[in-house]
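Everything on this sheet refers to the single structure shown next.
The values are calculated or read from the model by the stated rules, or taken from the named source; none is laboratory data. Here the structure is a predicted model, which means the values were calculated and not measured. These area figures cover heavy atoms from the full protein model, side chains too; ligands, DNA and RNA do not enter into them. Shrake-Rupley method; radii C 1.70, N 1.55, O 1.52, S 1.80 Å.
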Amino acid sequence: MDWVIDTAKFLVNEILSQPAYLIGIITAVGLAALKKSVGQTVGGAIKATLGLLLVGAGAGLVSSSLDPLGRMIQGTTGTHGVIPTNEAIVGIAQSEFGARVAWLMILGFLVSLALARFTPLRYVFLTGHHMLFMATLLTIVMATAGQGSVAVVLGGGVLVGILLVALPAFAHPWTKKVTGNDTLAIGHFGTAGYIVSGATGQLVGKNSRSTEEMKLPEGLRFLRDSMVATALSMVLIYLVMSLLFLAKVGQDAAFKAFAGSGGDPAADVGNYLMQSVMQGLQFGIGVAVILFGVRTILGELVPAFQGIAGRVVPGAKPALDAPIVFPYAQNAVLIGFIFSFLGGLTGLAALIWVFNPAFGLALVLPGLVPHFFTGGAAGVYGNATGGRRGAAVGSFLNGLLITFLPAILLKALGSFGEANTTFGDADFGWFGAVLGSIGKLDGTAGLIGMLIFGLLILAGAWIMQTKVVDRGWIPGGGITAAPAEAAAVVPAQAAGTATYAKIAPPRGAPAPPPAP
């Protein structure tokens, strides 16, 4: 049986957990279903794979540029606690639960495909690393609750499969408001934050103008370039925090801030400040690379999915990672990041002064990476329904969610709750905490309770899809972030044959390379 386990681990760790490979495979299947030539199929699959690798490369640049800033903020505030990092907690859990995670993830993906095929929830979740994160979370929570290996794999697989099709459905009205069309869905376990942000925009954003319509004096028109504005904003933030950090800890400690990211300690104050400037510029480059990668993916994946929709899962929509919405409101991404982080700081203050003394909740430090990706996406959703106010208030609430929910989740993780890290995005928090509470029931009763909870989520998503999404409801009010001409590639049916008309990308998004 060792070879079976090794094969499952290989499929999960080397293919299914690698979103680039997964999207390349899905693109190839879709293009083959459209009866494209071998060259077109292979070329499209490679371009989609490279597009997601570009997104990953940009995310790596963003993460590495934020790492020293995180140390500066932690050193300046003097606060210590849990730092939510999905990759870290998953890595810790692999040594104990690796085989169960592997089988659970494979089963969960198969269940999701079956649900997409035979229910109205026609979403195919393609964010492979988030599948791995959710599979790991359920394994930890169910094992901590005393469930056996078979129950963890079978029950957890059903629950993961439900989430992979249900959560995109819940968010889809707001996703359509963002994109201006019905070609893709959000496939990221920060869904609760995006829905909260979109709904908040409807409440607070009446007559608020879009973040993309910010008017600048003539001398500042260069800031209309999103890459320039993003880089300059981060340079200013870095310089302010570097000066505060220097004043708080002194030169010896401050100069080492960049050494932890593979760089060299600063030689003097001038070098220290210029390294801060460089990290801010690297952040801007990372965001630009992400946007370029997103455009490249959409150029290949959307038409490929028409093939899958017609042949494998009729009407299927790809559910993709959070950065897929960034090109639709690039100013909102930066605003969302800043206000989500402010929400995280506010939540940390509340934990310190109220919830830690009263309820023993752990102190959750705001990690810049989750606040950038989920906060940025929340800003886009808030802007779509409520303009600038929606982006600011909605992403602030997202920051509160990804502060309080991880603190609550820690109580359901057993010994892993002492690992000084936890799962960071909103859906991990609420779903894991509820399952942990249900898991307090003994044995079979606990497993049945978890499955009933999953079926309730499925039923809710089914109703949302048939009564809301399929009837064309889109949240009213606010500003539609996508310009009227925005979409990557849309199908046009002519005489029963699928053809594809390329139209303009979201405003300001870098153009992908030309098709071969």
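Look at the Cα gyration tensor of region 377-427: its axes a ≥ b ≥ c give a/c of at least 1.5 with a/b over b/c, and that counts as prolate. Here, region 280-382 yields an orientationally averaged convex hull projection of 9.0 nm² when only Cα atoms define the hull. Rolled with a 1.4 Å probe across the full set of protein chains, the surface gives Y194 an accessible area near 0 Å². In the complete set of protein chains, residue-level accessible area for D470 is approximately 90 Å², probe 1.4 angstrom. The accessible-area ordering, largest first, of the residues K317, K467 stands as K467, K317, per a 1.4 angstrom probe.
In terms of accessible area, using a 1.4 Å probe and ignoring ligands and nucleic acids, W3, W103 rank largest first as W3, W103. On the protein heavy atoms, probe 1.4 angstrom, tell me the percent of accessible surface of region 1-476 carried by carbon and sulfur. About 67 percent, which is the carbon plus sulfur part of the accessible surface.
For I186, the residues 5 or more places off, or on other chains, whose built amide H falls under 5 Å of its own are L320. Residues I15, I162, ordered by accessible area of protein heavy atoms at a 1.4 angstrom probe radius and largest first, appear as I15, I162.
Straight Cα distances below 16 angstrom link K256 to the lysines K248, with same-chain residues fewer than 8 positions distant left out. Measuring against 28 Å, Cα to Cα, the residue pairs K9/K36; K36/K317; K206/K467; K176/K440; K317/K467; K177/K467 contain K9/K36; K176/K440 as the ones spanning a longer distance. Heavy atoms of the protein chains alone define the surface here; on that basis region 343-389 has 31 Å² accessible area per residue at 1.4 Å probe size.
Here K35 is the anchor, and the lysines within straight C-alpha reach of less than 19 Å, apart from those fewer than 8 places off in the same chain, are K47. With a ≥ b ≥ c the root eigenvalues of the C-alpha gyration tensor of region 26-100, is it rounded (a/c under 1.5), prolate (a/b larger than b/c) or oblate? It is oblate, given that a/c is not under 1.5 and a/b is not larger than b/c.
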